[in-house]
Amino acid sequence: MKRLINFLTLILFFSCNNEKNITIEEEGLSILYTKEFKEVMTNPRFIKIQLDSIKNFSTLIDRMGELSCDRKISGLSFVYDKTEYNLIGSVPCPISADILCYFRVNHIFIKNDSLYTSRGKTKVKQPIEYLGKYIDDLIQKTYTHHYKEDKMKTAIINLNIEDQYPISTTKKVLSEIYNEFNRIALEKGEDYFKYHILFEKFVFLNIPPPPPPPSK
């Protein structure tokens with residue numbers, strides 16, 4: 001239970017941050033940092049992982065899971081399309097028996113290089129480049145917002161990539177996530193639609209989505 005509280009506290013810390021992401025130009029290479037990354041990179045518990053040194057997604061999850069068990073914070077750094085990205089991801093400690101439950105959030109399911117826009121028997125798969133359109137559609141729905149607030153419920157991005165896909169697929173997906181949510185932050189403000197990336201060995205896409213809440 002203690003590990004669960006620590007993990008959820010970490011998510012809350014990230015979601016409460018309201019400063020802008022940071023961009024640095026260095027020798028023709030754009031270097032992007034999420035504010036969460038900048039806030040924790042001097043923390044003694046922070047560990048930076050270079051994705052180019054990782055074999056595949058399972059290896060990455062195993063490494064991040066070990067760090068979570070040691071109460072460490074995983075920072076992810078990689079170069080994709082002439083841009084260096086630095087962001088935060090999370091994996092629950094694999095030896096913990098606690099079950100994480102997320103309430104009042106928007107779930108986004110990504111498997112390999114595809115976005116799943118519905119679940120259950122009617123699940124629809126779209127290329128990851130569709131993420132921006134999907135986010136825009138979510139913004140148009142009332143039940144995805146906090147009640148009586150012009151603010152979206154935090155997005156939990158459930159991410160799973162099979163090992164037959166190279167680590168470049170992971171980098172492509174993460175860059176797409178960063179760029180699309182950063183676009184919304186620039187358009188509507190940093191607090192409008194926050195997100196948290198949850199790295200998973202399995203994505204339970206066959207579970208039907210919950211029905212929308214009744215109209216107020």
> Which of the residues that make up region 81-109 are modelled with pLDDT of 95 or more and surrounded by fewer than 18 Cβ atoms within 10 Å (Cβ to Cβ)?
Replying inline: Thr83, Glu84
> Residues in region 116-125: is at least one open to solvent by 70 Å² or more (accessible area, probe 1.4 Å), among the charged types (D, E, K, R) and at pLDDT 90 or above?
Replying inline: yes
> Consider Thr59 against the criteria (1) open to solvent by 70 Å² or more (accessible area, probe 1.4 Å); (2) assigned to a helix (DSSP H, G or I): it satisfies all of them except one. Which criterion is unmet?
Replying inline: (1)
> For the subset of region 126-140 comprising residues that are more than 13 Å from Tyr192 (Cα to Cα) and in contact (Cβ under 8 Å) with a residue 12 or more places away in the chain, which member is surrounded by the most Cβ atoms within 10 Å (Cβ to Cβ)?
Replying inline: Leu131
> How many residues are without any contact (Cβ under 8 Å) to a residue 60 or more places away in the chain, out of contact with any His (no Cβ under 7 Å at 6 or more places or on another chain) and assigned to a loop (DSSP other than H, G, I, E, B) when one looks only at region 142-164?
Replying inline: 7
>> Among the residues of region 146-160, are any within 17 Å of Phe57 (Cα to Cα), among the charged types (D, E, K, R) and surrounded by 17 or more Cβ atoms within 10 Å (Cβ to Cβ)?
In response: no
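The values are calculated or read from the model by the stated rules, or taken from the named source; none is laboratory data. Just so it is clear, the model here is predicted, and its values are computed rather than measured. Cβ: placed from backbone, ideal geometry, glycine included. Neighbour counts: every protein chain shown. Surface accessibility is based on the protein's heavy atoms, side chains included, excluding ligands, DNA and RNA. Shrake-Rupley method; radii C 1.70, N 1.55, O 1.52, S 1.80 Å.
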